[in-house]
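Engineer: Got a structure here, written out as C-alpha coordinates. Questions coming.
The values are calculated or read from the model by the stated rules, or taken from the named source; none is laboratory data. Small disclaimer: the values here were computed from a predicted structure and weren't measured. In this analysis, Cβ positions are derived from the backbone assuming ideal geometry, glycine residues included, and neighbour counts consider all displayed protein chains. Surface areas here come from the heavy atoms of the whole protein model, side chains and all, with no ligands, DNA or RNA. Shrake-Rupley method; radii C 1.70, N 1.55, O 1.52, S 1.80 Å.
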Amino acid sequence: MEHASAADRLAAVRSSIAKAAKLAGRRADQVTLIAISKTHPPETIEALLEAGQRVFGENRVQEAAEKWPSLRSRWPDAQLHLVGQLQSNKAEQAVELFDVIHSVDRVSLVEALAKAAEHRGKRPDCFIQVNIGDEPQKGGCPVADLPALLAHGRDAGLAIVGLMAIPPVDIEPAPFFALLGELARRNGLGQLSMGMSGDFEPAVMLGSTHVRVGTALFGERQET
Ligand SMILES: *Cc1c(COP(=O)(O)O)cnc(C)c1O
(Lines give C-alpha, C1' and ligand atoms only; values in the text may rest on other atoms or scores of the structure.)
Protein backbone atom coordinates (compact mmCIF):
# COMPACT_ATOMS: atom_id res chain seq x y z
CA MET A 1 0.00 0.00 0.00
CA GLU A 2 3.05 2.30 0.18
CA HIS A 3 2.17 4.12 -3.05
CA ALA A 4 -1.59 3.87 -2.78
CA SER A 5 -3.60 7.08 -2.81
CA ALA A 6 -5.16 8.52 0.31
CA ALA A 7 -8.54 7.37 -0.97
CA ASP A 8 -7.26 3.81 -1.49
CA ARG A 9 -5.78 3.63 2.00
CA LEU A 10 -8.95 5.00 3.52
CA ALA A 11 -11.05 2.43 1.66
CA ALA A 12 -8.74 -0.39 2.80
CA VAL A 13 -8.87 0.64 6.47
CA ARG A 14 -12.65 1.08 6.37
CA SER A 15 -13.04 -2.33 4.79
CA SER A 16 -10.86 -3.98 7.47
CA ILE A 17 -12.94 -2.28 10.18
CA ALA A 18 -16.14 -3.51 8.55
CA LYS A 19 -14.82 -7.09 8.35
CA ALA A 20 -13.72 -7.13 12.00
CA ALA A 21 -17.04 -5.63 13.10
CA LYS A 22 -19.00 -8.19 11.13
CA LEU A 23 -17.05 -11.08 12.67
CA ALA A 24 -18.01 -9.80 16.10
CA GLY A 25 -21.65 -9.28 15.19
CA ARG A 26 -21.29 -5.50 15.26
CA ARG A 27 -22.15 -2.91 12.65
CA ALA A 28 -19.32 -0.96 11.00
CA ASP A 29 -21.12 2.29 11.82
CA GLN A 30 -20.66 1.56 15.53
CA VAL A 31 -16.95 2.26 15.03
CA THR A 32 -15.63 5.77 14.43
CA LEU A 33 -12.39 5.94 12.47
CA ILE A 34 -10.19 8.76 13.77
CA ALA A 35 -7.46 9.65 11.26
CA ILE A 36 -4.43 10.61 13.36
CA SER A 37 -2.78 13.38 11.36
CA LYS A 38 0.01 14.37 13.78
CA THR A 39 3.24 15.46 12.03
CA HIS A 40 1.50 15.56 8.64
CA PRO A 41 1.15 18.84 6.73
CA PRO A 42 -2.23 20.34 5.76
CA GLU A 43 -1.87 19.23 2.10
CA THR A 44 -1.70 15.59 3.19
CA ILE A 45 -4.71 16.03 5.47
CA GLU A 46 -6.65 17.72 2.67
CA ALA A 47 -6.28 14.63 0.48
CA LEU A 48 -8.07 12.59 3.13
CA LEU A 49 -10.73 15.25 3.64
CA GLU A 50 -11.32 15.22 -0.11
CA ALA A 51 -11.67 11.43 0.05
CA GLY A 52 -14.52 11.89 2.54
CA GLN A 53 -12.85 11.41 5.93
CA ARG A 54 -14.17 13.88 8.51
CA VAL A 55 -12.87 12.76 11.92
CA PHE A 56 -9.23 13.54 12.73
CA GLY A 57 -6.93 13.39 15.73
CA GLU A 58 -3.81 15.27 16.82
CA ASN A 59 -1.57 14.69 19.82
CA ARG A 60 -0.29 18.22 20.42
CA VAL A 61 -2.32 21.33 21.16
CA GLN A 62 0.23 23.64 19.55
CA GLU A 63 0.41 21.67 16.32
CA ALA A 64 -3.37 21.48 16.08
CA ALA A 65 -3.62 25.24 16.65
CA GLU A 66 -1.29 25.81 13.72
CA LYS A 67 -2.94 23.40 11.28
CA TRP A 68 -6.64 23.15 12.03
CA PRO A 69 -8.30 26.57 12.14
CA SER A 70 -7.78 27.05 8.38
CA LEU A 71 -8.70 23.43 7.54
CA ARG A 72 -11.86 23.77 9.60
CA SER A 73 -12.85 26.98 7.86
CA ARG A 74 -12.87 25.01 4.60
CA TRP A 75 -14.37 21.80 6.04
CA PRO A 76 -16.69 23.07 8.79
CA ASP A 77 -18.08 19.58 9.42
CA ALA A 78 -14.65 18.15 10.30
CA GLN A 79 -14.31 16.88 13.86
CA LEU A 80 -11.07 17.10 15.83
CA HIS A 81 -9.98 14.79 18.66
CA LEU A 82 -7.04 15.27 21.05
CA VAL A 83 -5.28 11.95 21.66
CA GLY A 84 -2.06 13.13 23.34
CA GLN A 85 -1.16 14.09 26.88
CA LEU A 86 -2.55 17.43 27.95
CA GLN A 87 -0.97 19.91 30.36
CA SER A 88 -3.46 21.65 32.62
CA ASN A 89 -2.24 25.08 31.49
CA LYS A 90 -3.35 24.21 27.94
CA ALA A 91 -6.84 23.07 28.94
CA GLU A 92 -8.45 26.31 27.84
CA GLN A 93 -6.89 26.14 24.37
CA ALA A 94 -7.74 22.43 24.11
CA VAL A 95 -11.42 23.06 24.88
CA GLU A 96 -11.46 25.74 22.21
CA LEU A 97 -9.82 23.58 19.52
CA PHE A 98 -11.05 20.04 20.08
CA ASP A 99 -14.48 18.38 19.97
CA VAL A 100 -13.32 15.33 21.92
CA ILE A 101 -10.46 14.84 24.42
CA HIS A 102 -9.13 11.29 24.91
CA SER A 103 -6.44 11.92 27.53
CA VAL A 104 -8.11 12.90 30.80
CA ASP A 105 -5.96 11.11 33.38
CA ARG A 106 -5.75 13.05 36.64
CA VAL A 107 -7.75 15.20 39.05
CA SER A 108 -5.85 18.44 38.31
CA LEU A 109 -6.68 18.06 34.61
CA VAL A 110 -10.34 17.31 35.36
CA GLU A 111 -10.51 20.56 37.28
CA ALA A 112 -8.71 22.59 34.61
CA LEU A 113 -11.00 21.18 31.88
CA ALA A 114 -14.17 21.80 33.90
CA LYS A 115 -13.12 25.40 34.46
CA ALA A 116 -12.22 25.87 30.79
CA ALA A 117 -15.50 24.29 29.65
CA GLU A 118 -17.49 26.65 31.81
CA HIS A 119 -15.45 29.64 30.75
CA ARG A 120 -15.79 28.88 27.03
CA GLY A 121 -19.36 27.61 27.19
CA LYS A 122 -18.21 24.49 25.36
CA ARG A 123 -18.30 20.94 26.64
CA PRO A 124 -16.13 18.51 24.69
CA ASP A 125 -16.77 14.78 25.10
CA CYS A 126 -14.03 13.29 27.26
CA PHE A 127 -12.44 9.86 27.57
CA ILE A 128 -10.49 8.87 30.64
CA GLN A 129 -7.12 7.45 29.60
CA VAL A 130 -6.24 4.35 31.60
CA ASN A 131 -2.67 3.11 32.06
CA ILE A 132 -3.89 -0.35 31.17
CA GLY A 133 -0.47 -2.09 31.23
CA ASP A 134 0.62 -0.39 34.46
CA GLU A 135 3.67 1.13 32.74
CA PRO A 136 5.49 3.83 34.74
CA GLN A 137 6.55 5.86 31.68
CA LYS A 138 3.07 6.03 30.17
CA GLY A 139 0.28 8.52 30.70
CA GLY A 140 -3.06 7.37 31.96
CA CYS A 141 -4.79 6.89 35.26
CA PRO A 142 -3.87 3.72 37.24
CA VAL A 143 -6.62 1.10 36.98
CA ALA A 144 -7.17 1.25 40.73
CA ASP A 145 -7.79 5.03 40.66
CA LEU A 146 -10.34 4.94 37.83
CA PRO A 147 -13.56 4.91 39.92
CA ALA A 148 -12.45 7.93 41.97
CA LEU A 149 -11.29 9.92 38.93
CA LEU A 150 -14.52 9.13 37.11
CA ALA A 151 -16.60 10.27 40.09
CA HIS A 152 -14.56 13.46 40.22
CA GLY A 153 -15.10 14.11 36.51
CA ARG A 154 -18.83 13.52 36.73
CA ASP A 155 -19.11 15.80 39.77
CA ALA A 156 -17.19 18.51 37.94
CA GLY A 157 -19.72 18.31 35.07
CA LEU A 158 -17.40 16.90 32.40
CA ALA A 159 -19.07 14.86 29.66
CA ILE A 160 -17.17 11.62 30.29
CA VAL A 161 -18.24 9.18 27.61
CA GLY A 162 -15.70 6.36 27.77
CA LEU A 163 -12.21 4.99 28.32
CA MET A 164 -9.07 5.19 26.22
CA ALA A 165 -5.89 3.12 26.41
CA ILE A 166 -2.67 2.36 24.60
CA PRO A 167 -1.59 -1.23 25.42
CA PRO A 168 2.11 -2.03 26.02
CA VAL A 169 4.14 -2.60 22.85
CA ASP A 170 5.39 -6.03 21.81
CA ILE A 171 2.77 -7.92 23.80
CA GLU A 172 -0.48 -9.37 22.47
CA PRO A 173 -2.91 -6.44 22.89
CA ALA A 174 -6.20 -8.36 23.01
CA PRO A 175 -6.20 -9.05 26.79
CA PHE A 176 -5.68 -5.32 27.41
CA PHE A 177 -8.55 -4.42 25.07
CA ALA A 178 -10.77 -6.94 26.87
CA LEU A 179 -9.79 -5.48 30.24
CA LEU A 180 -10.56 -1.92 29.10
CA GLY A 181 -13.97 -3.11 27.92
CA GLU A 182 -14.62 -4.75 31.27
CA LEU A 183 -13.61 -1.57 33.15
CA ALA A 184 -15.95 0.49 30.97
CA ARG A 185 -18.88 -1.89 31.61
CA ARG A 186 -18.21 -1.91 35.34
CA ASN A 187 -18.23 1.88 35.41
CA GLY A 188 -21.25 2.43 33.19
CA LEU A 189 -19.34 3.89 30.23
CA GLY A 190 -20.38 3.11 26.66
CA GLN A 191 -17.44 4.15 24.52
CA LEU A 192 -13.99 2.65 24.04
CA SER A 193 -11.09 4.43 22.33
CA MET A 194 -8.70 1.61 21.49
CA GLY A 195 -6.86 0.24 18.47
CA MET A 196 -4.17 1.83 16.28
CA SER A 197 -2.71 0.92 12.87
CA GLY A 198 -1.18 -2.34 14.10
CA ASP A 199 -4.10 -3.61 16.16
CA PHE A 200 -7.39 -1.96 15.26
CA GLU A 201 -8.95 -5.19 14.02
CA PRO A 202 -8.77 -7.10 17.34
CA ALA A 203 -9.78 -3.85 19.07
CA VAL A 204 -12.94 -3.66 16.95
CA MET A 205 -13.71 -7.33 17.65
CA LEU A 206 -13.42 -6.54 21.37
CA GLY A 207 -15.81 -3.60 21.30
CA SER A 208 -13.80 -0.53 20.28
CA THR A 209 -16.03 2.41 19.31
CA HIS A 210 -13.14 4.71 18.32
CA VAL A 211 -10.05 3.47 16.50
CA ARG A 212 -7.12 5.90 16.23
CA VAL A 213 -5.30 5.17 12.98
CA GLY A 214 -2.32 7.15 11.68
CA THR A 215 0.30 5.16 9.77
CA ALA A 216 -2.15 2.92 7.90
CA LEU A 217 -3.82 6.03 6.45
CA PHE A 218 -0.93 8.46 5.99
CA GLY A 219 2.17 6.24 5.74
CA GLU A 220 5.16 6.40 8.05
CA ARG A 221 5.71 9.58 10.07
CA GLN A 222 8.95 11.55 10.15
CA GLU A 223 9.06 11.61 13.94
CA THR A 224 9.78 15.12 15.22
C1 LIG B 1 0.11 8.42 17.00
C2 LIG B 1 -1.02 7.86 17.78
C3 LIG B 1 -1.91 6.95 17.20
C4 LIG B 1 -1.78 6.42 15.78
O5 LIG B 1 -0.74 5.50 15.69
P6 LIG B 1 -0.48 4.64 14.36
O7 LIG B 1 0.26 3.46 14.86
O8 LIG B 1 0.30 5.49 13.44
O9 LIG B 1 -1.81 4.27 13.80
C10 LIG B 1 -2.97 6.49 17.98
N11 LIG B 1 -3.14 6.92 19.25
C12 LIG B 1 -2.31 7.80 19.84
C13 LIG B 1 -2.56 8.20 21.24
C14 LIG B 1 -1.22 8.29 19.13
O15 LIG B 1 -0.38 9.16 19.73
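Engineer: Could you calculate the contour length gain from residue 88 to residue 54, that is, 0.36 nm times the residue separation minus the distance between their Cα atoms, to one decimal place in nm?
Structural biologist: Working: separation 34, 0.36 × 34 = 12.24 nm, distance 2.75 nm.
Using 0.36 nm per residue and subtracting the Cα-Cα distance, I get 9.5 nm.
Engineer: When the label point is put 7 Å from the Cα of residue 182 along its Cα-to-beta-carbon vector, which residues of segment 109-145 have a backbone N closer than 20 Å?
Structural biologist: In segment 109-145, the label zone of residue 182 (backbone N under 20 Å from the point 7 Å along Cα→Cβ) covers 128-135, 141-145.
Engineer: What accessible area per residue, rounded to a whole number of Å², is obtained for the chain using a probe radius of 1.4 Å? Intermediate results must be reported in sequence, preceding the final value.
Structural biologist: Details: 10630 Å² over 224 residues.
Ligands and nucleic acids excluded, the result is 47 Å² per residue.
Engineer: Right, here's the next one. For the cross-link pairs 38/90; 22/67; 19/90, which exceed 27 Å when the distance is taken from alpha carbon to alpha carbon? Present the calculation step by step, with values, prior to reporting the outcome.
Structural biologist: Details: 38/90 18 Å; 22/67 35 Å; 19/90 39 Å.
Beyond 27 Å between Cα atoms: 22/67; 19/90.
Engineer: Report the relative contact order of the chain, percent, no decimals, based on alpha-carbon pairs under 8 angstrom and at least 6 residues apart.
Structural biologist: Details: 401 pairs, mean separation 47.0, N = 224.
Computed over the chain, the figure is 21 percent.
Engineer: Taking the Cα centre of the chain as origin and charging only Cβ (+1 Lys, Arg; -1 Asp, Glu), how large is the dipole, in debye to the nearest 20? Spell out each step's value before the answer.
Structural biologist: Values: 24 positive and 28 negative charges, 124 e Å.
My answer is approximately 600 debye.
Engineer: For segment 1-90, what does the relative contact order come out to in percent, with C-alpha contacts under 8 Å and a separation of six or more?
Structural biologist: Relative contact order of segment 1-90: 26 percent.
Engineer: Between residue 96 and residue 170, what length in nm is gained on full extension when 0.36 nm per residue of separation is reduced by their alpha carbon distance?
Structural biologist: Extending this stretch completely gives an extra 23.0 nm.
Engineer: OK, next. Which of the GluC sites (Glu not before Pro) found in segment 114-221 are loop residues per DSSP with 11 or fewer other Cβ atoms within 10 Å of their Cβ?
Structural biologist: Taking segment 114-221 and a limit of 11 other Cβ atoms within 10 Å, the loop GluC sites (Glu not before Pro) found are 220.
Engineer: On to the next question. Return the Cα extents of the chain along principal axes one, two and three, sorted largest first, each rounded to a whole Å.
Structural biologist: Result for the chain: principal-axis Cα extents of 47, 39, 31 Å.
Engineer: Given a 1.4 angstrom probe, I'd like the percentage of the accessible area of segment 11-162 that is carbon and sulfur, rounded to a whole number.
Structural biologist: Numbers: 3470 of 7080 Å².
Result for segment 11-162: 49 percent of the exposed heavy-atom area is carbon or sulfur.
Engineer: Just to verify a number: FRET efficiency for residue 70 and residue 120, C-beta to C-beta distance, R0 = 25 Å, to 0.05? Show your work: numbers first, answer last.
Structural biologist: Details: r = 20 Å, r/R0 = 0.82.
Once the sixth-power term is evaluated, E becomes 0.75.
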